[in-house]
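In what follows, a structure is listed as structure tokens, so that the remarks can point back to it.
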Amino acid sequence: MRDAHFCSCSLRSQTKMANRHLSRSIAMQCLYEWDFNGKKSEGIRELIEKNIKEFGPGMDDNAFVSFLVENTIKNIGQIDPLIEKCAPEWPLDQVTIVDRNILRLGIYELLFGNYEEVPPKVAINEAIELAKSFGGESSGRFVNGVLGTIYRELGEPMKDDVSKKGRKMANDEKQDDAK
């Protein structure tokens, strides 16, 4: 019975991660269109709804897409200068529109995200995966470089944090050693 419970929990966790990845992909698409169409905030909710219907029909967690898009746009005044600072040889308007918006999402999650829900390394890895999927040949390396620089400048939050599973295993080993 315990194995069945573990499997169902693991499956729920994998489903949530897949939904989060899809949500980030849709959020990136929304930011791409927003940026391409002149960064007009009016109509953003309709744009989000359109993209969810088109790219994520039947998706469980629509709120995450809206949350990412709206909060990334709300904090763009803090996010864009970081891109310029951490990629000084690339003026923002010369960074491809895909890479620019993947960076915006990743930086939003690094600076303003809930580290308990999305640890910094997960946010970076998700952005790299988006760059590999939607960007050019060197997009993954570029996104990794910029987000890695920001992560180091933040003091590498949660760098030494181990997963709950890792902590449980370490605690079990300590209890075995104590016997």
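The values are calculated or read from the model by the stated rules, or taken from the named source; none is laboratory data. If you're wondering where the values come from, they're calculated on a predicted model, not measured in any experiment. Counting neighbours? That spans all protein chains shown, and the Cβs are built from the backbone with ideal geometry, glycine included. Accessible surface is based on the protein model in full, side chains and every heavy atom, while ligands, DNA and RNA are left aside. Shrake-Rupley method; radii C 1.70, N 1.55, O 1.52, S 1.80 Å.
Descriptive notes on the structure:
- Percent accessible area from carbon and sulfur atoms, the stretch 38-146, protein chains only, probe 1.4 Å: 51 percent
- Were the residues from Phe112 through Glu89 laid out at 0.36 nm apart, the gain over their Cα-Cα distance would be 5.7 nm.
- Under the simplified labelling scheme, the Lys121-Phe67 pair shows an inter-label distance of 2.3 nm, with each label point 7 Å from Cα along Cα→Cβ.
- For Ile97 and Glu42, the difference between the fully extended length at 0.36 nm per residue and the C-alpha to C-alpha distance is 17.8 nm.
- Linear extension gain, Met59 paired with Lys132, 0.36 nm per residue minus alpha-carbon span: 24.0 nm
- Neighbourhood net charge (9 Å Cβ-Cβ; Lys/Arg +1, Asp/Glu -1) for Glu109: 0
- Global geometry of the stretch 63-156, whether rounded, prolate or oblate, following the gyration tensor of its Cα atoms and the 1.5 cut on a/c: rounded
- Sequence-distant residues sharing a close amide H with Asn75 (under 5 Å, placed H): none
- Rolling a 1.4 Å probe over the protein heavy atoms gives the stretch 21-81 an accessible area of 53 Å² per residue.
- Using θ = phi - 60° in the Karplus curve 6.51 cos²θ - 1.76 cosθ + 1.60, the 3J(HN,Hα) couplings for the stretch 83-91 round to 4, 4, 5, 8, 9, x, 7, 10, x Hz; x is entered for Gly and Pro.
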